[in-house]
Amino acid sequence: MVCILSTEVYKAIVIGPRNVGKSSLVRRYLDDIFLEKYTATVGVDLRAANMDFPDGTVTLTIVDLGGQESFDLLRSRFYQGAHYVMLVYDITERETFDQIIDWYENLSLSFCENEGNMLNGALVANKCDLIGNHEVEVSEGKQLAQVLCLDFYKTSAKTGENVGELFVNAAIKSRMTFRQAQHMR
Ligand SMILES: Nc1nc2c(ncn2[C@@H]2O[C@H](COP(=O)(O)OP(=O)(O)OP(=O)(O)O)[C@@H](O)[C@H]2O)c(=O)[nH]1
Ligand SMILES: [Mg+2]
């Protein structure tokens, strides 16, 4: 964590298979727009969100990582120092859900001792607006999240459902874990 004047700065990374809507979630949160056209993230996009809480401002730097396999090596370089991980799958593509364990294991391998000594993050079931096309039950997502000790969010970058909650919670959890770790020193 970096402290610039009274602003605390934390790092969140957004990962998961290609085309699941990672960039769309970030875009929905920061710009409040949704684009139907798919443009793959080439490598990484870096953004930042400022959030005002009663006890101070938090800047969440958001590292949006392209899901294509060719970026595997590059991607792991950005895991270092992350305070919160958003692990995204597409609720309408079971294959993306089935890949989550591999993503999690990869992450755990190259991760990053964060300052609280545990991997803080969320499993995100995106594209939930496509009702009728769901290939993964919400209960399955919740169960996996529980096993991996992650929060669970069912989101739609298209409608905005739960998107604000996801990012605000990422900032709150990052700060809480960091402060708890400070206390224990
Ligand atoms: N219906 C619906 N479509 C979505 C949603 N989120 C993303 N999409 C669409 O899914 C496609 C992929 O979205 P991206 O946000 O580019 O996916 P990504 O995970 O960033 O992909 P990579 O950068 O290649 O890893 C785009 O055509 C989006 O319009 C959603 O919540 N609902
Ligand atoms: Mg992207």
Determine, yes or no, whether THR61 is farther than 29 Å from GLU140 by Cα, of a type in the set (Ser, Thr, Tyr), under 13 Å from the mean Cα position of the chain (by Cα) and in a strand (DSSP E or B). yes
Being touching a strand residue (DSSP E or B) at 6+ places or on another chain (Cβ under 9 Å) and under 20 Å from GLY160 (Cα atoms) is the filter here; which residues of segment 28-44 pass it? TYR29, LEU30
Of all residues in segment 35-50, count the ones that are surrounded by 15 or more Cβ atoms within 10 Å (Cβ to Cβ) and away from ligand 2 (no atom under 11 Å from the Cβ). 2
Kindly indicate whether any position in segment 67-84 is closer than 17 Å to LEU150 by Cα and assigned to a strand (DSSP E or B). yes
Return the pairs, sorted by first residue and then second, in which the second residue is of a type in the set (A, V, I, L, M) and within 6 Å of ligand 1 (Cβ to nearest atom), the first residue lies in segment 13-24 and is farther than 12 Å from ARG47 by Cβ, the beta carbons are less than 9 Å apart, and the residues are 6+ apart or on different chains. ARG18/ALA40; ASN19/ALA40; GLY21/ALA157; SER24/LEU35; SER24/ALA157
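Condition check ((1) within 16 Å of ligand 2 (Cβ to nearest atom); (2) surrounded by fewer than 18 Cβ atoms within 10 Å (Cβ to Cβ); (3) in a helix (DSSP H, G or I); (4) at pLDDT below 95) across all residues:
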{"residue": "ASN114", "(1), (2), (3), (4)": "no, no, no, yes"}
{"residue": "ASN117", "(1), (2), (3), (4)": "no, yes, no, yes"}
{"residue": "ALA122", "(1), (2), (3), (4)": "no, no, no, no"}
{"residue": "ALA125", "(1), (2), (3), (4)": "no, no, no, no"}
{"residue": "ILE131", "(1), (2), (3), (4)": "no, yes, no, no"}
{"residue": "GLY160", "(1), (2), (3), (4)": "no, yes, no, no"}
{"residue": "VAL168", "(1), (2), (3), (4)": "no, yes, yes, no"}
Which one of these is part of a helix (DSSP H, G or I) and among the β-branched types (Val, Ile, Thr): VAL42, VAL9, VAL26? VAL26
Out of segment 1-34, which residues are loosely packed, with under 13 Cβ neighbours inside 10 Å and at pLDDT 95 or above? ASP31, ASP32, ILE33
Within the set of pairs 6 or more residues apart or between chains, which connect a residue that is without any contact (Cβ under 8 Å) to a residue 60 or more places away in the chain and farther than 16 Å from GLN68 by Cα inside segment 91-110 to a residue that is in a helix (DSSP H, G or I) and of a type in the set (Val, Ile, Thr) with Cβ atoms less than 6 Å apart? none
Looking at segment 64-79, which of the residues that are modelled with pLDDT of 90 or more and surrounded by 17 or more Cβ atoms within 10 Å (Cβ to Cβ) is farthest from ligand 2 (Cβ to nearest atom)? TYR79
Subset of segment 16-51 [hydrophobic (A, V, I, L, M, F, W, C) and within 6 Å of ligand 1 (Cβ to nearest atom)]: VAL20, LEU35, ALA40
List pairs: first residue in segment 66-89 and under 23 Å from LYS154 (Cβ atoms) and without any contact (Cβ under 8 Å) to a residue 60 or more places away in the chain, second residue surrounded by fewer than 20 Cβ atoms within 10 Å (Cβ to Cβ) and not polar (S, T, N, Q) anywhere in the structure, Cβ distance under 7 angstrom, at least six positions apart or on different chains. GLY67/ARG18
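The values are calculated or read from the model by the stated rules, or taken from the named source; none is laboratory data. From a predicted model like this one, the values you see are computed outputs, not experimental measurements. Positions of Cβ are backbone-derived with ideal geometry, glycine not excepted, and every protein chain shown enters the neighbour counts.
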